[in-house]
1. Give A:6, A:22 a once-over and let me know the one that is within 11 Å of chain B (Cβ to nearest Cβ), in contact with a strand residue (DSSP E or B) (Cβ under 6 Å, 6 or more places away or on another chain) and in a strand (DSSP E or B).
2. Return yes when residue B:57 is surrounded by fewer than 16 Cβ atoms within 10 Å (Cβ to Cβ) and within 23 Å of residue A:38 (Cβ to Cβ) and no when it is not.
3. Does residue B:88 satisfy being under 16 Å from residue B:16 (Cβ atoms) and assigned to a strand (DSSP E or B)?
4. For the range A:31-64, give me the residue count where each residue is assigned to a loop (DSSP other than H, G, I, E, B) and either within 11 Å of another protein chain (Cβ to nearest Cβ) or crowded, with 20+ Cβ neighbours inside 10 Å (or both).
5. Quickly run through the range A:97-112 and pick out the residues that are at the interface with chain B (Cβ under 7 Å from one of its Cβ atoms) and either modelled with pLDDT of 95 or more or in contact with a helix residue (DSSP H, G or I) (Cβ under 8 Å, 6 or more places away or on another chain) (or both).
6. How many residues, within the range B:46-90, are out of contact with any strand residue (DSSP E or B) (no Cβ under 8 Å at 6 or more places or on another chain) and either at positive phi or within 11 Å of chain A (Cβ to nearest Cβ) (or both)?
7. For a quick check of your reading of the model, give me the residue pairs whose first member lies in the range A:1-25 and is closer than 11 Å to residue A:78 by Cα, whose second is outside any strand (DSSP E or B), with beta-carbon atoms closer than 6 Å and at least 6 apart or on different chains.
8. Report, by residue number, each residue of the range B:1-24 that is within 12 Å of chain A (Cβ to nearest Cβ) and under 12 Å from the mean Cα position of the chain (by Cα).
């Protein structure tokens, strides 16, 4: 089992560019989440999904979009990148809702210049 | 605004001592609480969760929850240098949304 994988590991974007952060899990988990973590801060939930075809906003969804066409994949789309989106992005998954364990991917470090 | 607050530290304890980490939350609707450990440059990993008032023990770790005071704590007994990390407290109400604190940095001194 690879668990939760994320690509790319690092990326530098210019202001106004777009990109997709990929997240895949091979544990057949229903729930998937996207978080961002700014330096010295905790994690903020961007979007989450409770199953294929179902997504919902978290605490900080502005500037992002998601889709969930399969159980395994949950890509995060950044449109018109801004310096405020410079952060480390973590994808996580769990089989069910709390108090089930969330498994985190290794993260994507994004810099917007 | 649902908030989870932690003392950012740094907290330093000698090897073998008890480390005490604290967390308060603002949303009385929060039902489940989590402690994650995060090493520098790595992703968070779950240590414990708790959803009933009282204590929950798992090896060297004990989580304590007091819903009346909106307070969660994590005790680490016999602290080891490998416990040096940032500890994140999180709360959830519906089961789909999680609110994290900013983390407490712990250093265990050999």
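The values are calculated or read from the model by the stated rules, or taken from the named source; none is laboratory data. All values reported here derive from a predicted model rather than from experimental measurement. FYI the Cβ positions are ideal-geometry reconstructions off the backbone, even for glycines, and counts take in every protein chain you see.
1. A:6
2. So residue B:57 fails the test.
3. Considered against the rule, which asks whether it is under 16 Å from residue B:16 (Cβ atoms) and assigned to a strand (DSSP E or B), residue B:88 comes out as no.
4. Result for the range A:31-64: 7.
5. Residues satisfying the conditions are A:105, A:106, A:107.
6. Matching residues across the range B:46-90 total 2.
7. Every condition considered, the pairs that remain are A:13/A:81; A:16/A:80; A:17/A:81; A:18/A:79; A:20/A:75.
8. Within the range B:1-24, B:4, B:5, B:6, B:8, B:23 meet the criteria.
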